[in-house]
Each structure stands twice: as C-alpha cells, then as structure tokens.
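Visitor: Once you've had a glance at the structure underneath, I'll fire off some questions.
The values are calculated or read from the model by the stated rules, or taken from the named source; none is laboratory data. In this text the structure is predicted, and so the values were computed from the model without any measurement. Here the Cβ positions follow ideal geometry from the backbone for every residue, glycine too, while neighbour counts run over all protein chains shown.
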Amino acid sequence: MFSYNLLKQPSFNYKKKTIDNIFDIISKVVTIEQKGILNIVFLDDYSIQKLNNGYRKINKTTDVLSFHYYEDFSNIKDSDLAWEIILSEDKIISQWKEYKLWSENEFYKLIIHSILHILWYDHELNDDYKIMQELEDKVWKELFEK
C-alpha cells in the first residue's frame with residue numbers, strides 16, 4: 001500500500017482516517033502492487049493551469065493532476081517519492097457547490113479518482129471509463145455505505 005504526505009492543509013474540513021481508509025480499500029480492490037510515497041499537494045488555480053498546459057497542452061484550470069515518477073512498481077522502495085496528486089482547492093470548492101456535495105466528499109472523490117490514475121487506470125475510451133467508474137463506485141460504497 002502507498003504511504004502519503006498531505007503537504008498543505010486545505011481550508012475545508014476532512015478526516016485523515018477517511019483518507020487512510022481510501023488507501024486501504026484501494027489496496028484491497030486493486031491487485032496492482034502499490035509501493036512508494038504519494039504526495040498530495042494543493043495549488044492555486046493559476047499554478048495548476050500552468051501545469052495542465054505544460055504537461056497536457058490544455059490551457060485551463062483543472063481540479064486534479066496525477067503524476068507518475070516511475071514506469072512501474074518493480075524498482076520502487078516504500079521510502080521513494082513515486083507519485084504526486086496536485087489539486088486545485090478553488091476548483092474543489094466550486095465543484096462541491098455545483099454538484100451539491102460537501103467539500104470533503106469532493107476531495108475524497110478526487111483522491112480516489114487520482115489514485116486509480118496512478119495505478120494506470122484511465123477513462124479515455126468507453127470500456128476503460130466503465131472499468132474505472134466501477135472501481136470508483138466500489139471504493140466509495142465500501143467507504144461510506146458499509
């Protein structure tokens with residue numbers, strides 16, 4: 001299972017135990033080896049827009065970006081910084097208002113989604129989208145609907 005660092009506290013409330021549970025549940029439902037340290041970073045909209053444009057050639061803000069620093073898990077030690085999730089706190093807040101969720105739930109959804117990206121799941125094709133959505137739903141139900 002990954003370990004993680006939350007590098008900046010967001011302005012909204014969240015529960016560390018819920019984040020821990022997300023990592024734990026994903027380690028059980030996804031059989032891909034999960035090693036290394038994952039940083040969770042919050043940036044402002046301008047900074048995440050610059051990253052989005054630089055790495056994805058999309059010149060607009062986004063809610064989250066996921067970065068892999070290794071091609072696979074075979075040579076990663078548990079102590080290696082291997083992954084980063086970059087989040088826009090402003091975007092999270094605007095989306096929870098739009099989707100009528102609590103900000104922490106929007107945050108949890110993005111963490112689940114991003115970890116699955118780090119585990120090489122994608123949603124560019126319909127079949128891939130369906131697989132990824134099923135995993136997201138499974139983790140969410142295990143987390144909140146036990």
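Visitor: Within the set of pairs 6+ apart or on separate chains, which have a first residue in segment 38-59 that is without any contact (Cβ under 8 Å) to a residue 40 or more places away in the chain, a second that is surrounded by 11 or more Cβ atoms within 10 Å (Cβ to Cβ) and assigned to a loop (DSSP other than H, G, I, E, B), and C-beta atoms under 8 Å apart?
Guide: Tyr46/Thr61; Gln49/Thr61; Gln49/Thr62; Asn52/Ile58; Asn52/Thr61; Asn52/Thr62
Visitor: Just checking, does segment 4-21 include any residue being outside any loop (DSSP other than H, G, I, E, B), over 14 Å from the mean Cα position of the chain (by Cα) and closer than 21 Å to Tyr121 by Cα?
Guide: No, segment 4-21 contains no residue that is outside any loop (DSSP other than H, G, I, E, B), over 14 Å from the mean Cα position of the chain (by Cα) and closer than 21 Å to Tyr121 by Cα.
Visitor: Let me ask another. Just one of Asp90, Asp44 is under 16 Å from Lys8 (Cα atoms) and loosely packed, with under 14 Cβ neighbours inside 10 Å; which is it?
Guide: Within the list Asp90, Asp44, the selection yields Asp44.
Visitor: Tell me, yes or no, whether segment 57-65 has at least one residue that is touching a Phe, Trp or Tyr at 6+ places or on another chain (Cβ under 8 Å), closer than 22 Å to Trp140 by Cβ, of a type outside the set (Asp, Glu) and assigned to a loop (DSSP other than H, G, I, E, B).
Guide: Within segment 57-65, not a single residue is touching a Phe, Trp or Tyr at 6+ places or on another chain (Cβ under 8 Å), closer than 22 Å to Trp140 by Cβ, of a type outside the set (Asp, Glu) and assigned to a loop (DSSP other than H, G, I, E, B).
Visitor: Being within 15 Å of Ser3 (Cβ to Cβ), polar (S, T, N, Q) and either at pLDDT below 85 or in contact with a strand residue (DSSP E or B) (Cβ under 9 Å, 6 or more places away or on another chain) (or both) is the requirement here; does Ser79 meet it?
Guide: yes
Visitor: Looking only at segment 67-87, which residues are buried (at least 17 other Cβ atoms within 10 Å of the Cβ) and either farther than 14 Å from Phe42 by Cβ or free of Cβ contacts under 8 Å to residues at least 12 places away in the same chain (or both)?
Guide: The answer is Phe67, Ile76, Ala82, Trp83.
Visitor: Taking interchain pairs and intrachain pairs at least six residues apart, which have beta carbon atoms under 7 angstrom, with the first residue in segment 104-117 and in contact (Cβ under 8 Å) with a residue 12 or more places away in the chain and the second part of a helix (DSSP H, G or I) and among the polar types (S, T, N, Q)?
Guide: Within 7 Å, the pairs are Glu106/Gln95; Tyr108/Thr18.
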